[in-house]
Amino acid sequence: MIKFFKRATQTNNIISAKQTIRIKALDVVEKMEKLNDHLEIIKNIDTNDTKEIYNKDKNILISLYDYYCKYHKLYAVISFSQILNPIDIPTIKNMDIKIIAKELKGLHKKDYETTIEFLQDEDKIFIKNIFDNLENFVDNLVNLLINIQSDIIITEKPPIENDLILERIKNLLSPNTIFDNLKQIESTYLNYMDEYNASKEIFNKD
């Protein structure tokens, strides 16, 4: 009975973390969409004022996209955490890691293409670098989990080594670790927004 309630609590924590991360990411998306609206309006206008506006909007957009990808990294981790809760040998053996990764990366690609739509070609590289970093993060996470899965399925690790493997996954996908990372990202994000009081006028416009 105690284990049941413990597992239920872990599941609730994971679901709560996932919902929180989704809300935070959507907040960043709303701001990026407003910046994209500005960039679209001034795209074909060539004046000193529009160049200044473009550079300001571009720099903020790049920073916001960076935070958006940080939230997506947490979302990727928590997606696996939700599937692997409770973490046990049969669950790991039977999960299709590549399908989960493909779904996540499909969303990342669409977000990337939307973000660069109204940027000048020479500025798209900044977003591309952040996007590539996100993709590499997901690839590394997937490779780690595939290797762990292979260790369990192919080499049939003895019970003691299995316990160590499961502990590695728990440390990586722990809801407490995810919430700690979320708090850190949220803190730096809020500090960043405080530094851009003028930009908030853009975000608050209808």
Go through (1) closer than 20 Å to Asn171 by Cα; (2) part of a helix (DSSP H, G or I) and name the single condition Leu64 misses. (1)
What is the residue count in segment 177-194 for residues that are at pLDDT below 85 and either in contact with an Asp or Glu (Cβ under 8 Å, 6 or more places away or on another chain) or surrounded by fewer than 11 Cβ atoms within 10 Å (Cβ to Cβ) (or both)? 1
Taking segment 104-145 as the search range and keeping residues that are in contact with an Asp or Glu (Cβ under 7 Å, 6 or more places away or on another chain) and either part of a helix (DSSP H, G or I) or small (Gly, Ala, Ser) (or both), which one is surrounded by the fewest Cβ atoms within 10 Å (Cβ to Cβ)? Lys105
Looking at Tyr54, Tyr65, which is the one that is touching a Ser or Thr at 6+ places or on another chain (Cβ under 7 Å) and modelled with pLDDT of 90 or more? Tyr65
Yes or no: Tyr75 touching a Lys or Arg at 6+ places or on another chain (Cβ under 9 Å) and either in a helix (DSSP H, G or I) or not β-branched (Val, Ile, Thr) (or both)? yes
Residue among Ile14, Ile87 that alone is closer than 29 Å to Leu173 by Cα and not in a helix (DSSP H, G or I): Ile87
Could you identify the single residue in Ile160, Ile154, Ile169, Ile165 that is of a type outside the set (Gly, Ala, Ser), at pLDDT below 85 and touching an Asp or Glu at 6+ places or on another chain (Cβ under 9 Å)? Ile165
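So which of Tyr75, Tyr54 ends up being hydroxyl-bearing (Ser, Thr, Tyr), surrounded by 12 or more Cβ atoms within 10 Å (Cβ to Cβ) and more than 30 Å from Ser16 (Cβ to Cβ)? First the steps, then the outcome.
On the way: Tyr75 fails: more than 30 Å from Ser16 (Cβ to Cβ).
Only one candidate qualifies: Tyr54.
The values are calculated or read from the model by the stated rules, or taken from the named source; none is laboratory data. The model shown is predicted, which means the values in this text are computed figures rather than measured ones. So basically every Cβ, Gly included, is an ideal-geometry build from the backbone, and we count neighbours across all protein chains shown.
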